[in-house]
2 protein chains.
Amino acid sequence: MPVLVMKFGGTSVATLDRIKRAAKRVGLEVAKGYDVIVIVSAMSGKTNELVGWVNETSPLYDAREYDAVVSSGENVTAGLMALTLQEMGVPARSWQGWQVPVKTTAAHANARIEDIPPENISSKFAEGMKVAVVAGFQGISPEGRITTLGRGGSDTTAVAFAAAFDADRCDIYTDVDGVYTTDPRISQKARKLHKISFEEMLELASLGAKVLQTRSVELAMRYKVKLRVLSSFEEPSDEAGTLVCDEEDTMENRPVSGIAYSRDEAKMTLISVADRPGIAAAIFGPLSEAGVNVDMIIQNISEEGRTDMTFSCPIDQVLRAQKALNGAKEKGDINFHDLIADTDVCKVSAVGIGMRSQSGVAAKMFKTLSDEGINIKVIATSEIKISVLIDRKYLELAVQSLHDAFELEKTA
Amino acid sequence: MPVLVMKFGGTSVATLDRIKRAAKRVGLEVAKGYDVIVIVSAMSGKTNELVGWVNETSPLYDAREYDAVVSSGENVTAGLMALTLQEMGVPARSWQGWQVPVKTTAAHANARIEDIPPENISSKFAEGMKVAVVAGFQGISPEGRITTLGRGGSDTTAVAFAAAFDADRCDIYTDVDGVYTTDPRISQKARKLHKISFEEMLELASLGAKVLQTRSVELAMRYKVKLRVLSSFEEPSDEAGTLVCDEEDTMENRPVSGIAYSRDEAKMTLISVADRPGIAAAIFGPLSEAGVNVDMIIQNISEEGRTDMTFSCPIDQVLRAQKALNGAKEKGDINFHDLIADTDVCKVSAVGIGMRSQSGVAAKMFKTLSDEGINIKVIATSEIKISVLIDRKYLELAVQSLHDAFELEKTA
């Protein structure tokens, strides 16, 4: 039997009614002759509640215990989905990560999937089970402890299962009906894209467009998984959603395909760092060890052997970053006068494969922001994106004006 | 190191503050030199919520999926408790049932613990871990699926660990400060017992006194586990709580030690059953197979080869019972005119080891109820208890008047 992977996000399984609705979609695919692997997230809000409890209990938590706690929401949904399918007469059972097993690295709270042996689930398919409901976001470490894959990790679970079972397609059901030129909650002019390249999707995801977890897109690109993003609230149709695919299979030739943003950024500045060869490694080594995801980095011009070093990281990693840097200072590895955290910033980015061949995108972006009186604090660029850090209060204004400036509401 | 088992029920871990309070008690025992195994329930209300979802999704649920869902609450508490202890500087980690592993039978939703190999946890104690926090109520079946032990199963988990690790004592922390002559919420005259025999505790627990799960008491009796019930809201003291112990180590010589009740009873009556040898087996066999816990049974005098058969069972098993009996009727195994379920009844019981040697207890009980105008629907007796089924609206009145009649407010 051909295998299909269907992943339902938190809003798609937020209530028993929604689980039923999702189960009906699964039933339609079973009726078409598929063996279906359903990946479920926790009911929406549940994981946030659990993460909140962990943070309140222990701000610098043991990530192994964090994983044991926050993985529980998916187990609930998996069991309820299996029961719902059984009630519909569809042979189904639930699997927790360790039961499959979903083997991951031991990097707790941010583990990577290393292997998904298909035997256990395949043998149940051979016995007549039609749907394997798998708790997303979780796995088991080499030491036998529960791991999680980072926020949005259920997307990665889904793509990894699609690769492991050579699935015909991996459908990601979410609360939006596809990938948009920007967040429709911010710009009413946002337009749905029918196709997008893996590369652009990667930048959009990593920049906080939040439709798909970054690693799920990387994995889909590597294993050529046909990935579709669609809404669980729309009527089923072949035209639904956005297909994420190879560049050659796309696409409008325009410089910018979308405007992404990330609200939860912090800007950290080390004031008056002793500037010497190797100083960057001395700063960013401890941050990396502490699990801080440093994004943008700028170093000021050095004066009298000292410089200021600025970087951005997710706002919930500020405590970790401070602890790591102050620790390195105490050990004498680095030397700085002050460490300032600005937690009122956000990141806005223009993304497009067309940028590679068209010039003037950066200039247009900076002028647009300047015309609105928005001050740019940090700039970072790659081949297909330009990102700026700005005050968070300007987030909506920046996204809307850039969307207008690049005329993203128009089809090419 | 000597081992101590401490179990915290749902109300004792209902909030992060309460988990902290419980963790402090654990810290006190660690300071005394114990290696501590902490068994935790789900935060209060959580398991009920999960059970509610399962019932709504699938009234005649697949118990394997029920277990996968309802076991998740304990995992959350276990992780949070481990984090709380770590924050206090106590080396601790959490264990889910399958990680220990807590090996159980495959009787899902009502599994029995078969073995708890101590090696995994012991080796961590040997490495310097002071506290193993174990998710109560759950285990793993021979097939590798998650099982649960029935409501209140965390008590049984605790006693089983105490037996497996030869613990000095098993302390059950709950929201009451011990075992009372009856439920203090119903009779203000209820008095705390300092000691109670295993046998009496067994009757009280199985009759719905709800302080301890029945099986935990059976297990404690078999393995001579020193079992103490105490409140997590009282200041620690050696006099706290109630010690459950052997009969010879007790006790006041009075006919009745306590009045127990169970609210969630149903009375089922099979009208006009064809009376023949083997009819009881034909009726109660299918009920047993369907997992219905039949409690009291009465059979009316037979007339013209037909009789009425009445039994009681937990109210949430009425559907199952109806399905099983109607199924047996369709197959021709039994024959009855009608099946009537009365779901407005409750059970009230007088329990006491002294009953063995003192007569007149039953007569006094029936007269007391009669004086209050309470009609008795079913009677059942054992060596140390007398139970009656009555209309649920009389529950409080019956408990109070019996408590008064046997003068349980007075110490012997």
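The values are calculated or read from the model by the stated rules, or taken from the named source; none is laboratory data. A quick note: this is a predicted structure, and the numbers were derived from the prediction, not measured. Note: ideal-geometry Cβ built from the backbone for every residue, glycine included; neighbour counts use all protein chains shown. Side chains included, ligands, DNA and RNA excluded: accessible areas come from the protein's heavy atoms. Shrake-Rupley method; radii C 1.70, N 1.55, O 1.52, S 1.80 Å.
Between residue A:88 and residue A:114, the distance separating the two model label sites (each 7 Å from Cα on the Cα→Cβ line) works out to 3.6 nm.
Taking a ≥ b ≥ c as the square roots of the Cα gyration tensor eigenvalues, the range B:3-249 comes out rounded, since a/c falls below 1.5.
Taken residue by residue and averaged, Cβ atoms of other chains lying within 10 Å of the Cβ of A:83-90 number 4. Using just its DSSP H runs of length 4 or more, each adding -39500 (n - 2.57), the protein assembly as shown gives a mean residue ellipticity at 222 nm of -10000 deg cm²/dmol after division by all residues. Modelled this way, with points 7 Å down the Cα-to-C-beta line, the labels at residue A:319 and residue B:339 are 5.6 nm from one another.
Overall form of the range B:1-50: oblate. Here a/c, set by the Cα gyration tensor axes a ≥ b ≥ c, is 1.5 or more, and a/b is not larger than b/c. As a length-normalised measure over Cα pairs under 8 Å and 6 or more apart, the relative contact order of chain A settles at 14 percent. Modelled spin labels at residue A:397 and residue A:376, positioned 7 Å past Cα toward Cβ, are 1.7 nm from each other. How far is helix A:46-57 tilted off the main Cα axis of chain A, in degrees rounded to 10, range 0 to 90? Its long axis makes an angle of about 50 degrees.
Applying 1/(1 + (r/R0)^6) with r as the Cβ-Cβ distance of residue A:17 and residue A:48 and R0 = 25 angstrom yields a FRET efficiency of 0.75. Think of a 1.4 Å ball rolled over the protein heavy atoms: the range B:3-249 then has 36 Å² of accessible area per residue.
Take the Cβ-Cβ distance between residue B:289 and residue A:126 as r, set R0 to 30 Å, and report the resulting FRET efficiency rounded to the nearest 0.05. For R0 = 30 Å, the calculated efficiency reads 0.55. Relative to the longest principal axis of the Cα atoms of chain B, helix B:214-223 runs at roughly 60 degrees.
Taken residue by residue and averaged, Cβ atoms of other chains lying within 10 Å of the Cβ of B:46-54 number 2. Chains A and B together bury some 3100 Å² of accessible area, summed over both sides, with a 1.4 Å probe.
Please work out the FRET efficiency for the pair residue B:231 and residue A:55, using the Cβ-Cβ distance as r and a Förster radius of 35 Å; give the result to the nearest 0.05. Step by step, r from the Cβ atoms, then E = 0.75.
To the nearest 10 degrees, how steep is helix B:16-31 against the longest Cα principal axis of chain B, on a 0 to 90 scale? Once rounded, one gets 60 degrees. Taking a ≥ b ≥ c as the square roots of the eigenvalues of the alpha carbon gyration tensor, the range B:109-183 is oblate, as a/c is not under 1.5 and a/b does not beat b/c. The value given for the range A:44-96 is a Kirkwood hydrodynamic radius of 12.5 Å, derived from the mean inverse Cα-Cα separation.
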